[in-house]
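Undergrad: Sharing a structure here in structure tokens format.
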Protein chains: 2
Amino acid sequence: MRLSTNMVENKITLSHGSGLQATKKLIQEIFLKHLGDEILLSLQDSAIINVEKEKLAFTIDSYTVNPLFFPSSDIGKLAIYGTINDLAVMGAKPMFISLGFIIEEGLDIATLEKIAISIKEAKNRAKVEIVAGDTKVVEKGKCDGVYITSSGIGVQILDSFPFLNSIVPGDKVIINGTIGEHELAVLLARGEFKFQADIRSDCQPLWEIIEKLLHNCPGIKFMRDATRGGIGGVLNELAEQINYGIQIYEDKIPVREEVKGICDILGFDYLFLANEGKFIAIVEESQAQKVIEIMKDSGYPLASIIGEVRKEFSQKVKLQTIKGGDRILDFPYGSQFPRIC
Amino acid sequence: MRLSTNMVENKITLSHGSGLQATKKLIQEIFLKHLGDEILLSLQDSAIINVEKEKLAFTIDSYTVNPLFFPSSDIGKLAIYGTINDLAVMGAKPMFISLGFIIEEGLDIATLEKIAISIKEAKNRAKVEIVAGDTKVVEKGKCDGVYITSSGIGVQILDSFPFLNSIVPGDKVIINGTIGEHELAVLLARGEFKFQADIRSDCQPLWEIIEKLLHNCPGIKFMRDATRGGIGGVLNELAEQINYGIQIYEDKIPVREEVKGICDILGFDYLFLANEGKFIAIVEESQAQKVIEIMKDSGYPLASIIGEVRKEFSQKVKLQTIKGGDRILDFPYGSQFPRIC
């Protein structure tokens, strides 16, 4: 595509980052075109938003995924759903998003447009508004196509959530489905491996299921989406904060055979692989089954209780393996995998 | 400096972006250390904030300046003041900031720490809280040291500001001081020119003066900080929105002789150079002098009325040159200068 009759290039140039006519055209012909009236990218310096309640959640995340497109998702959807999910796990209804684009000189305009369309679909599905934006262009070789930083505001529907202080031994650890797919899908799409596999990113917005759970299950004490660092990372961080131990059972953790297979071959631990549509919930024992039922009724058939909070091994996570062995699930220093985000 | 006895590197590695122990250490030993309890970088997925009023301003900006440090300022201060100023010109008191860092593998940890300290000074001076953050690390050569995206929330103290519809011919165009220094300071610091000059960035927070003006001068109808694209960009965008023309007078525009000199030599137009502490205000004629007096009393001795809104040349900006000529101030397509942000 071409930006306009005046704009003969079909690639991003440094002029698109000048703040002058070229920037304006880029914004109008790519972002405003697809994201509609809601997005005020550069037209105002800030968006003015109305909020009904006083407790807001505020978050930010930078998305640097490579490749920009991968099975079932792309950087645009990630930038919306990832930020929405960060609000959702704080018990906050996602409302407003602002997006900062850092774009590499030479990027195909068509690629940027494809991302804008994907963002539009994601914001419509998740019912959030994109109210502010910014675009910068950096020289070829100083970015990886495009980086998107996404900031979100949500209205907290459950005051003071999460209830970390009320977590006690016996509380159950729940996951809403299979793990490890997002990270492997990205690595596969990048051609990191010498084999192919049909693994798709699980990237999806979680507010709908979380809202249902919060309305029906007051026994939910904590939630966290298991993105970078995986469920191993989330559980280790949680254990440190609550001063109890967390026991999980390998045979209860839902994971696709293909994911297990690739992890076996490459020596990866799927517990530390990034997900983009999975969250850990800590739930009072008496409500754990109800949480599972609601999840299963809401499109998460593989939701499972995978462990529980324990008095023992304070601040540590212990894994009972399928073979019956018990081991502390170390919190690795760095990633075993190539960077995906 | 070293991150800890366990962390023998003094450079950023990809592990610092893994979301695992290394990321946590980096956050604790650089960001938490300097930015204190307020910053929740990665400890929670979102910050919960309390707001007293319902009209909020919400903004985002990515900072990609090179070099990271330049006379009188650096990327850290820019990321705070730039975002604060975007809120301020919307009549909103800056309250909360969230920061997304994209860091290049191999960056000196000491550099990152210097930036964190600078951010701390800036947030203290501007009395805002940093409540959320995110860090990503990308491979060497896929960033330019560090990029910071800063998102801000402010509480609007003047409902429905700016009052674009009430702008009428006769309204005065005011600037709070000399222009062009920020962009030249950055270009000089980068060694783009074969000569030296003592030009410093004007990077500073504008909320204090703007708050005073809004409380005392109800005749202020519009404000905009003249960053990327300069005052030429701001006035051209404004003229398009109000359907009137804007006349400015070259001899009224405050600009340092050194800036003029460099622009003369290099053929730059200082009207389109980026500033980081200057804003344009459109003010009812009867209050223009009062605005100037308040500015002069508040540390802006060179504040000036530089033009007025006109019925003629609708949607255009006209410059009367020192020699008495009149010309339309074209809105350039792209920048004449190397990228600085």
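Undergrad: Quantify how strongly other chains surround peptide B:226-238 by giving the mean number of their Cβ atoms within 10 Å of each of its Cβ atoms.
TA: The mean count of partner-chain Cβ atoms within 10 Å per residue comes to 3.
Undergrad: So which of A:212/B:24; A:120/A:296; A:252/A:311 end up more than 25 Å apart by C-alpha?
TA: A:212/B:24; A:120/A:296
Undergrad: Gap in Å between the Cα centre of segment B:175-220 and the Cα centre of segment B:233-261?
TA: Their Cα centres are 15 Å away from one another.
Undergrad: Under 10 Å, Cα contacts only: if you run a Gaussian network model on chain B, which one of B:316, B:77, B:296 comes out with the highest mean-square fluctuation?
TA: Comparing B:316, B:77, B:296 in the GNM, the peak value goes to B:296.
Undergrad: Follow-up question, since we're still on this one. With the label 7 angstrom out along Cα to Cβ, how close does residue A:320 come to the same site in each of the other copies, in nm, nearest first?
TA: For residue A:320, the inter-copy label distances come out at 8.7 nm.
Undergrad: Can you sort A:147, B:63 by how many other beta carbons sit within 10 Å, fewest first?
TA: B:63, A:147
Undergrad: Using 1/(1 + (r/R0)^6) with R0 = 22 angstrom and r between the beta carbons of residue A:165 and residue B:10, what's the FRET efficiency to the nearest 0.05?
TA: Computed FRET efficiency for residue A:165 and residue B:10 comes out at 0.05.
Undergrad: If you find the alpha carbon centre of segment B:301-328 and of segment A:297-341, how far apart are they in angstrom?
TA: Going from one Cα centre to the other spans 67 Å.
Undergrad: Placing the label point 7 Å from Cα along the Cα-to-Cβ direction, what are the distances from residue B:164 to the equivalent spots in the other copies, shortest first, in nm to one decimal?
TA: 4.3
Any read-out appearing in this document is the output of simple, stated calculations on the displayed coordinates, not a laboratory observation. As the structure is a computational prediction, the values presented were derived from the model and not from experiment. Heads up, the Cβs are rebuilt from the backbone with ideal geometry, glycines too, and the neighbour counts pull from every protein chain shown.
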